[in-house]
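The structure under discussion appears below in the form of structure tokens.
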Amino acid sequence: MSDLVLHEHVFGPRGERVLVRRSARRRRTVSITRRDGDLVIAIPAAFSAREEKQWVTKMVDQLVAKEARRAPARRSDASLRQMAREVSEAYLGGRAHPTSVTWSTRQNQRWGSCTPSDGTIRLSHQLQGMPDYVVRSVMMHELVHLLVPGHGPEFKALMARYPQAEKAQGFLDGVSWAKHLPPEGEDVIGQDEAGELPLQRAR
Ligand SMILES: [Zn+2]
């Protein structure tokens with residue numbers, strides 16, 4: 001048997017109602033879910049009013065933190081241009097000068113691409129919520145392509161100047177793996193998109 005208690009005094013991260021469901025089957029576990037615009041928290045029926053209050057606060061706080069991690073502040077095109085300047089200065093002696101750096105929602109099969117003939121760089125919108133060192137690594141990859149086509153020794157030597165390149169690639173490989181993407185073939189090197197970084201590392 002379980003009863004549902006409405007707590008008017010508690011609000012979720014976006015002002016939602018918080019409903020507390022006491023469950024006789026629950027012994028030690030608590031849970032929180034979003035349902036029809038409300039937050040539903042399930043707790044053991046045996047919890048005291050004090051325990052309930054503590055756990056409701058704790059669960060709501062955890063949800064807020066979790067959702068904030070998943071939706072970090074959106075980075076703008078302007079911040080991307082600034083990042084390109086900083087990365088070029090720090091690791092390439094300022095030699096890479098992209099003519100434009102933009103986010104692209106059309107890049108679902110690759111993290112970034114560049115067109116050396118006109119100096120444009122595009123990064124996939126899928127990178128927007130990722131850690132800074134990961135976004136910078138993809139930026140570095142595309143900036144290096146403005147100087148060096150392909151992924152030969154010269155490319156690798158320049159890329160190695162970015163200290164977190166390996167770590168970033170590991171992060172991206174993990175994301176690709178989690179998305180269950182089909183294995184992609186080679187990193188296509190064409191005239192128009194000489195610098196694409198596919199979602200999965202070229203093998
Ligand atoms: Zn590449």
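Since every read-out is calculated from the coordinates, none of them should be taken as a lab result. The structure displayed is predicted, hence computed values, not measured ones. Because the Cβ atoms are built from the backbone with ideal geometry, glycine has one as well, and the counts that use them run over all protein chains shown.
A few remarks follow.
- Condition check for residue 63: in a helix (DSSP H, G or I), closer than 19 Å to residue 32 by Cα and without any contact (Cβ under 8 Å) to a residue 60 or more places away in the chain: yes
- Just one of the listed residues (124, 117, 100, 113) is within 16 Å of the ligand (Cβ to nearest atom), surrounded by fewer than 16 Cβ atoms within 10 Å (Cβ to Cβ), closer than 30 Å to residue 172 by Cβ and in contact (Cβ under 8 Å) with a residue 12 or more places away in the chain, namely 117.
- Subset tally (residues that are of a type in the set (S, T, N, Q), more than 24 Å from the chain's Cα centre (by Cα) and assigned to a helix (DSSP H, G or I)) for the range 86-123: 0
- Restricting attention to the range 146-165 and to residues that are in a helix (DSSP H, G or I) and within 17 Å of residue 90 (Cβ to Cβ), the residue that is farthest from the ligand (Cβ to nearest atom) turns out to be 157.
- Subset of the range 127-138 [within 16 Å of the ligand (Cβ to nearest atom) and either under 14 Å from residue 163 (Cβ atoms) or touching a residue at least 60 places away in the same chain (Cβ under 8 Å) (or both)]: 134, 135, 136, 137
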